[in-house]
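As structure tokens, the structure follows; a few thoughts come after it.
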Amino acid sequence: MFADLKNKVVIITGAGSGIGKSIAENFGKAQAKVVLNYRSDKHHDELNEAKEIITNAGGEAITVQGDVAVEEDVKNLVQTTIDHFGTLDIMINNAGFEKAIPSHEMSLQEWQKVIDINLTGAFIGSREAINHFLKEDKQGVIINTASVHDRIPWPNYVNYAASKGGLKLMMETMSMEYAQYGIRINNVSPGAIVTEHTKEKFSDPQTRDETLDMIPARKIGEPQDVANVVLFLASDFSSYVHGTTIYVDGGMTNYPAFMGGKG
């Protein structure tokens, strides 16, 4: 179905687990050339599993360690990709971080860490990809993993909500700036998704029920739900989609409180 993605070179930041890992495996099944970026060695097993899935499906994969909040690491990630595969076609800025802290207790360091990873890291990745696309006169693709909290406030996560809200307007601004060159830039915004990081939280019956009350579809999503949309946005099926956010949230952004808690 996504034959146009065969042999395309794609970077995925934060590919060691969760949504990033599913995105990487999806591109592998499309027989793309996949660069799995990761920060921590703790995801060693997951990375090896993803590489095996990708290569067994007929794709290619390499891993590149680096922190997206560090400019030189992102530059190295892009340059290593180009050195190894000869080019870059698709940049997926997926790496993210969150931690609950009441706003009045949040230190500047805690604020900055989330902004650096979620927003500045995506800016650096986008900038480096655009420079390559312009240099090669390539109609490349950039996709950022945002969040429903680019429009829904989230108490105790002010740094996260600010980073994702900023990511939305960053994407829209860059899209307006570079669409004329055939460079497509879009966001995918997940809602409640079961990953290694959220599995414990959603296994608590009360938390799960409270979450389901916020989702008209009455279902918590899987990483594959997000990865499928990313594959669409990267493919020629979305060739006229520019500057758009697609929410993968079971309807969470559609004011579910008006349902009155009724299923």
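FYI, it's all coordinate maths here, none of it is from the lab. Just so we're clear, the structure is a prediction, and the values are computed from it rather than from any experiment. All Cβ positions, even for glycine, are placed from backbone atoms using ideal geometry, and neighbour counts span all protein chains on display.
Looking at the chain as a GNM with Cα springs under 10 Å, which of V68, V35, V158 has the largest mean-square fluctuation?
Fluctuation is largest for V158.
Given +1 on the Cβ of Lys and Arg, -1 on the Cβ of Asp and Glu, and no further charges, what dipole in debye does region 8-143 carry about its Cα centre, rounded to the nearest 20?
300 debye
Local charge sum around T207 (other residues, Cβ-Cβ under 14 Å, Lys/Arg +1, Asp/Glu -1)?
-2
To the nearest 10 degrees, how steeply does helix 44-56 sit against the main Cα axis of the chain, on a 0 to 90 scale?
60 degrees
Can you list residues whose amide H is under 5 Å from Y247's amide H, if they're 5+ apart or on another chain and H is modeled 1.01 Å from N?
So Y247 has HN proximity to S189.
Using Cα springs under 10 Å in a Gaussian network model of the chain, which residue among E200, E72, E25 shows the largest mean-square fluctuation?
E200
Which three semi-axes in whole Å describe the equivalent ellipsoid of the chain, each the square root of 5 times a Cα gyration tensor eigenvalue, listed largest first?
So the equivalent ellipsoid measures 29, 20, 19 Å along its semi-axes.
What is the local net charge at N37, summed over the other residues whose Cβ is closer than 10 Å to its Cβ (Lys, Arg +1; Asp, Glu -1)?
-1
Measure out, as a whole number of angstrom, how far apart the alpha-carbon centroids of region 1-67 and region 197-242 sit.
Value for the Cα centre distance between the two parts: 19 Å.
Let's see if you can work this out: charge +1 on each Lys and Arg Cβ, -1 on each Asp and Glu Cβ, no other charges. What is the dipole magnitude of region 43-82 about its Cα centre, in debye to the nearest 20?
The calculated dipole for region 43-82 is roughly 180 debye.
What does the charge add up to near V70, with Lys and Arg as +1, Asp and Glu as -1, over the other residues with Cβ less than 13 Å from its Cβ?
-3
Give the Rg/Rh ratio for region 149-263, taking Rg as the radius of gyration of the Cα atoms and Rh as the Kirkwood radius, to two decimals.
Checking Rg against Rh, the ratio lands at 1.01.
Where does helix 71-85 land angle-wise versus the long Cα axis of the chain, in degrees 0 to 90, nearest 10?
In the chain, helix 71-85 runs at an angle near 50 degrees to the longest axis.
Angle between the Cα long axis of helix 121-135 and the longest principal axis of the chain, 0 to 90 degrees, nearest 10?
30 degrees
What does the helix-only formula give at 222 nm for the chain: each DSSP H stretch with n ≥ 4 adding -39500 (n - 2.57), the total divided by the residues, and the result rounded to the nearest 500 deg cm²/dmol?
-13000 deg cm²/dmol
List the lysines whose alpha-carbon lies under 16 Å from that of K135, not counting same-chain residues fewer than 8 positions away?
K75
Counting pairwise Cα distances across region 165-230, what percent come out greater than 21 angstrom?
Roughly 44 percent, rounded to a whole number.
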